[in-house]
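Undergrad: Pasting a structure below so you can have a look.
Here, each number is a calculation from the coordinates, and none is a lab measurement. All figures in this text were calculated on a predicted structure; none of them were measured in a lab. Every residue, glycine among them, receives a Cβ derived from its backbone with ideal geometry; neighbour counts consider all protein chains shown.
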There are 2 protein chains.
Amino acid sequence: MKSPAARKLTPQETEKLSGNCLTVKFKKGDSIIKQGTYSTNVVYLKRGLVKIHIEGPYRVQVVRIVRPPSYLGLPTTFGDKVNHYSVSAIEECEVCFIDITTFRTLLSTNSDFSNQILIELCKGELESYNKCVNRTQKQVRGKLADMLIDFSDNIFRADSFVLNITQEDIGNLVDASRESVSRVMTEFAKDGIIEMNGKSLTITDRPMLNNISRNG
Amino acid sequence: MKSPAARKLTPQETEKLSGNCLTVKFKKGDSIIKQGTYSTNVVYLKRGLVKIHIEGPYRVQVVRIVRPPSYLGLPTTFGDKVNHYSVSAIEECEVCFIDITTFRTLLSTNSDFSNQILIELCKGELESYNKCVNRTQKQVRGKLADMLIDFSDNIFRADSFVLNITQEDIGNLVDASRESVSRVMTEFAKDGIIEMNGKSLTITDRPMLNNISRNG
DNA sequence: GTAATAATGTGACATAAATCACAATAATAG
DNA sequence: CTATTATTGTGATTTATGTCACATTATTAC
């Protein structure tokens with residue numbers, strides 16, 4: 001249950017962190033970090049999936065889905081006094097609110113830890129560059145294929161999973177309208193690429209999905 | 001000429017950095033960091049503008065324009081062994097190649113420095129989130145207005161500046177075709193929002209530009 | 001200074017996907 | 001269990017912008 005960064009901490013530091021942090025449960029839909037409010041905490045996600053989302057000029061943009069274990073809100077907490085994005089639970093979640101001062105102390109005293117945090121931030125930025133390129137250059141089929149691959153490989157780590165988000169959310173994640181998402185998903189199902197019943201989804205033709213991701 | 005992070009260094013550290021770094025000049029169009037090659041250096045941009053760009057599935061995406069002083073390639077150097085994006089000079093540039101080991105040592109010994117680097121990374125990530133939202137949600141007029149405002153406020157810090165990039169580059173920066181860029185720019189000029197002759201451009205109606213950025 | 005190449009301007013046309021409209025189904029609350 | 005609300009499916013229509021084609025103007029190279 002420890003993130004790569006958390007593994008760099010000494011037992012004493014881990015102890016200190018646990019003492020200075022507040023564990024809270026959130027249920028589906030609850031807001032964990034809210035855009036526009038003061039950013040005073042780093043959030044450590046222990047259990048449950050969350051979505052990071054930004055209020056765009058016309059609609060909400062879902063930046064990404066994050067699985068535990070992970071630190072949430074680093075860019076928004078260190079980058080500005082005010083949160084630039086929101087984080088919400090998409091299923092029951094358990095998180096730790098870590099006081100920013102405690103976190104800063106750890107960063108300055110444990111260079112292995114701060115190095116690991118730096119690496120994770122860098123990876124996040126690279127990923128966001130890539131996601132943005134895909135979002136702006138591919139068309140809906142390709143973007144949805146990308147999303148399904150990402151879910152299967154990185155978020156759920158399985159070919160079958162339960163999609164706890166609405167098609168509108170999916171649309172906001174891949175930059176497409178709710179209707180287009182619906183159309184393409186049924187198309188995928190008809191073509192035998194995925195199987196859906198209710199909220200659960202199985203990828204049945206992964207090679208084809210890879211192909212659509214590349215050429216769609 | 002020092003970045004906020006560089007100001008956190010002690011005179012000895014600055015000395016050590018200068019000793020372990022190689023100053024190189026690049027001319028317009030030259031590649032400073034190349035996507036796909038091994039990432040072994042952090043680059044400190046001393047003089048000249050550069051563009052960060054990524055090879056997308058169909059065309060190049062210009063991620064952003066960066067002005068000195070600035071560290072380049074932090075995400076791509078710390079995030080992976082291989083560069084995930086390219087950096088090219090858009091005018092004559094002077095840069096320092098800093099060996100990654102030297103840079104790592106600085107990070108682990110000077111926590112003020114590493115904290116400042118962390119902050120800059122976070123700001124970069126927030127900015128890239130915002131840029132992506134704008135790119136995907138606004139239409140061409142709005143995106144171009146955004147770009148002009150960004151150039152005027154952050155890059156050139158003046159109402160008049162010389163645009164050393166082609167309309168194709170602009171298109172790749174704001175996600176539009178070269179032709180659309182041409183059409184909208186002449187439209188802006190016709191409407192008295194900007195004045196262009198050759199490569200030099202002046203913003204003449206900033207309020208209108210802000211307005212287009214908000215509603216376009 | 002002239003040829004060759006690159007960059008820009010503009011019209012006509014094609015097209016992916018948004019929007020609108022409404023029916024059908026699922027989820028939630030009382 | 002029924003009513004209400006949220007979510008999904010699907011057709012018809014509209015629209016912003018990409019693509020193609022070609023003329024015009026800069027820029028670069030020899």
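Undergrad: List the Cys residues of the protein assembly as shown that have no partner Cys with a C-beta closer than 4.7 Å.
TA: A:Cys93, A:Cys122, B:Cys93, B:Cys122
Undergrad: I need the fraction of alpha carbon pairs in segment A:1-147 separated by more than 20 Å, rounded to a whole percent.
TA: 51
Undergrad: Here's something else I'd like to know. If you take each beta carbon of peptide A:116-123 and count the beta carbons of other chains within 10 angstrom, what is the mean? Don't skip to the answer; put the middle values down first.
TA: On the way: counts 0, 3, 10, 4, 2, 10, 12, 5.
For peptide A:116-123, the averaged partner shielding equals 6.
Undergrad: Under the convention of a label 7 Å out along Cα→Cβ, give the distances in nm from A:Thr166 to the same position in every other copy, shortest first.
TA: So the label point of A:Thr166 gives 4.6 nm to the other copies.
Undergrad: Using each residue's phi in segment A:67-79, evaluate 6.51 cos²θ - 1.76 cosθ + 1.60 at θ = phi - 60° and report the 3J(HN,Hα) Karplus result to the nearest Hz, with x for Gly and Pro.
TA: 10, x, x, 6, 8, 10, x, 4, x, 6, 7, 8, x
Undergrad: Mean 1/r over all different Cα pairs, inverted: what Kirkwood radius does segment B:73-216 give, in Å? Mind dumping the intermediate values first?
TA: Values: mean 1/r = 0.0573 Å⁻¹.
For segment B:73-216, the Kirkwood estimate is 17.5 Å.
Undergrad: How many partner chain Cβ atoms sit within 10 Å of a residue's Cβ in peptide A:136-144, on average, as a whole number?
TA: Going residue by residue through A:136-144 and averaging, the value is 2.
Undergrad: Ok, one more. Net charge near A:Glu179, counting Lys/Arg +1 and Asp/Glu -1 over other residues with Cβ under 15 Å of its Cβ?
TA: It works out to a net charge of +1.
Undergrad: Taking each full run of DSSP H in chain A as one helix, which ones are at least 27 Å long along their axis (Cα atoms) and have mean Kyte-Doolittle hydropathy of at least -1.0?
TA: A:111-137
Undergrad: Quick one: Debye curve from the C-alpha atoms of segment B:138-215, no solvent, what's log10 I(q)/I(0) at q = 0.12, 0.17, 0.23 Å⁻¹?
TA: Ignoring solvent entirely, the Cα scatterers give -0.27, -0.57, -1.15.
Undergrad: Structure shown: which of A:Lys138/B:Lys28; A:Lys16/B:Lys16; A:Lys138/B:Lys27; B:Lys28/B:Lys190; A:Lys16/B:Lys131; B:Lys16/B:Lys46 lie over 28 Å apart, alpha-carbon to alpha-carbon?
TA: Over 28 Å apart, Cα to Cα: A:Lys138/B:Lys28; A:Lys16/B:Lys16; A:Lys138/B:Lys27; B:Lys28/B:Lys190; A:Lys16/B:Lys131.
Undergrad: Relative to 2.2 N^0.38 Å, what does the C-alpha radius of gyration of the protein assembly as shown come to as a ratio? Two decimals please.
TA: On the way: Rg = 22.5 Å, N = 432, 2.2 N^0.38 = 22.1 Å.
Normalised Cα radius of gyration, the protein assembly as shown: 1.02.
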